[in-house]
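The values are calculated or read from the model by the stated rules, or taken from the named source; none is laboratory data. Given the structure is predicted, the values throughout are model-derived calculations rather than measurements. Because the Cβ atoms are built from the backbone with ideal geometry, glycine has one as well, and the counts that use them run over all protein chains shown. Just so you know, the surface numbers come from the protein's heavy atoms only, side chains and all, with ligands and any DNA or RNA stripped out. Shrake-Rupley method; radii C 1.70, N 1.55, O 1.52, S 1.80 Å.
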Amino acid sequence: MARRRQLYEGKAKILFEGPEPGTLVQYFKDDATAFNAQKKGTITGKGVLNNRISEYLMTRLAEIGVPTHFIRRLNMREQLIREVEIIPLEVVVRNVAAGSLSSRLGIPEGQRLPRSIIEYYYKNDQLGDPMVAEEHITCFGWASTQDLDDMVALTLRVNDFLTGLFLGVGITLVDFKLEFGRLWENEEMRIVLADEISPDNCRLWDAKTGEKMDKDRFRRDLGKVEEGYQEVARRLGILPEAGPRDMTGPESMQ
Ligand code: UDP
């Protein structure tokens, strides 16, 4: 079969032209980067796990009425998605202090926040994804006030739902990053959840021991990186059926 046309290659994913107009194929790589790509590596089986975890979480979210770009998983490493116009913002939600919040403001890592915080970062690798305020976003036209209202409402629903879902399997959802896109249908525009939701862009800690099960294991050289991602999938009850052997299997199968 002829390989599909590649449209974009990012740090962890590749986008191919989809089988029908308005669709794309999202391919999950094992490549991992951190600190604005200054640290690079491979996490064996990460792409397979993130594809499955993101499918699961996006499907659960769609069931409660959160619109997403996800259509269906095609194989171990690929999923079919709707083509959207990506809004150039990373929307970060925090429930517990960690990462850049702790380092910038001196709030001890692990301190539960009195209420959830939403932050915006401008998606621009050259600038290192700087944090921005609503003022910058509307002033430079990255999103309108209405877009932002929609994004905040969706983000809060996603946070409430995922916090409960993860707590149910003994995991604290510390923080995570979302991306949104504009989807046009019959001249009408809707904001939908895009990108992925996986241990690459969530901080997930064991609710009892505080052990990290996310990309911080890679960022901070904590070891057992693959095991952390696998444990998240295992607790969600979605570890690929053939077990870890499946993770290094054929890169693409139809
Ligand atoms: N995050 C992400 N992509 C980024 C930056 C952050 O997915 O480019 C996620 C990260 O995994 C964490 C949350 O957003 O779950 C908050 O990240 P933080 O601002 O603490 O940045 P970090 O210290 O991880 O660079």
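I'd like the distance between the alpha-carbon centres of region 187-226 and region 41-55, rounded to an integer number of Å.
11 Å
Could you give the size of the charge dipole of region 9-70 about its Cα centre, using +1 on the Cβ of each K and R and -1 on the Cβ of each D and E, expressed in debye and rounded to the nearest 20?
So the dipole magnitude of region 9-70 works out to roughly 380 debye.
Could you give the alpha-carbon Rg of the chain over 2.2 N^0.38 Å, rounded to two decimals?
0.98
Only Cα pairs within less than 10 Å get springs; with that Gaussian network setup on the chain, which residue of Asp147, Asp160, Asp30 has the largest fluctuation?
Asp160
Past 21 Å, Cα to Cα: identify those pairs from Lys13/Lys39; Lys46/Lys215; Lys40/Lys215; Lys123/Lys212; Lys29/Lys208, in the order given.
Exceeds cut-off: Lys123/Lys212; Lys29/Lys208.
Considering the chain as a Gaussian network with a 10 Å cut-off on Cα pairs, which listed residue, Val169, Val48, Val158, attains the greatest mean-square fluctuation?
Residue with maximal mean-square fluctuation among Val169, Val48, Val158: Val169.
Return one whole number: the accessible area per residue of the chain in Å², for a 1.4 Å probe.
Values: 12500 Å² over 254 residues.
Per-residue accessible area for the chain comes out at 49 Å².
Return the carbon/sulfur percentage of the accessible area of the chain, one whole number, probe 1.4 Å, all protein chains in place. Each step should come with its number before you reach the end.
Numbers: 6180 of 12500 Å².
That share works out to 49 percent.
Using DSSP to define loop residues, name the trypsin sites (Lys or Arg not before Pro) in region 1-84 whose beta-carbon has at most 11 other beta-carbon atoms within 10 Å.
Passing both the DSSP loop test and the Cβ count: Arg3, Arg5.
Rg/Rh for region 104-235: what does it come to with C-alpha atoms and Rh from Kirkwood?
Ratio value, two decimals: 0.99.
Just from its helices, what would the mean residue ellipticity at 222 nm be for the chain, if runs of 4 or more DSSP H residues each count -39500 (n - 2.57) and the sum is divided by every residue, rounded to the nearest 500 deg cm²/dmol?
-8500 deg cm²/dmol
Just tell me, in residue order, which DSSP H segments of the chain are both 20 angstrom or longer along the helix axis (alpha-carbon based) and at least -0.5 in mean Kyte-Doolittle hydropathy.
Working: long enough: 46-63 (25 Å, -0.35); 145-167 (33 Å, 0.54).
The qualifying helices are 46-63, 145-167.
If the only charges are +1 at each Lys and Arg Cβ and -1 at each Asp and Glu Cβ, what is the size of the charge dipole of region 148-243 around the Cα centre, to the nearest 20 debye? Intermediate values should be presented prior to the final figure.
Working: 14 positive and 20 negative charges, 99 e Å.
Around 480 debye, computed over region 148-243.
About its Cα centre, how strong a charge dipole does the chain have in debye, to the nearest 20, once Lys and Arg get +1 and Asp and Glu get -1 at the Cβ?
Working: 35 positive and 40 negative charges, 180 e Å.
It comes to approximately 860 debye.
Which translational diffusion coefficient, to the nearest whole µm²/s, is obtained for region 20-67 from the Stokes-Einstein equation, given a Kirkwood hydrodynamic radius over C-alpha pairs, 37 °C and 0.692 mPa s?
So the translational diffusion coefficient is about 256 µm²/s.
Can you tell me which of Ser54, Ser100, Ser116 moves the most in a GNM of the chain? Springs connect C-alpha atoms under 10 Å apart.
For the chain, modelled as a Gaussian network with Cα springs under 10 Å, the answer is Ser100.
Take region 66-154, compute every pairwise Cα distance, and split them into 5 Å bins from 0; I just need the percent in each bin.
Pairs per bin, as whole percents: 3, 11, 17, 18, 16, 18, 12, 5, 1.
Determine the principal axes of the Cα atoms in region 18-132, then give the extent along each, sorted from largest to smallest and rounded to whole angstroms.
Between the extreme Cα coordinates on each principal axis of region 18-132 lie 48, 35, 25 Å.
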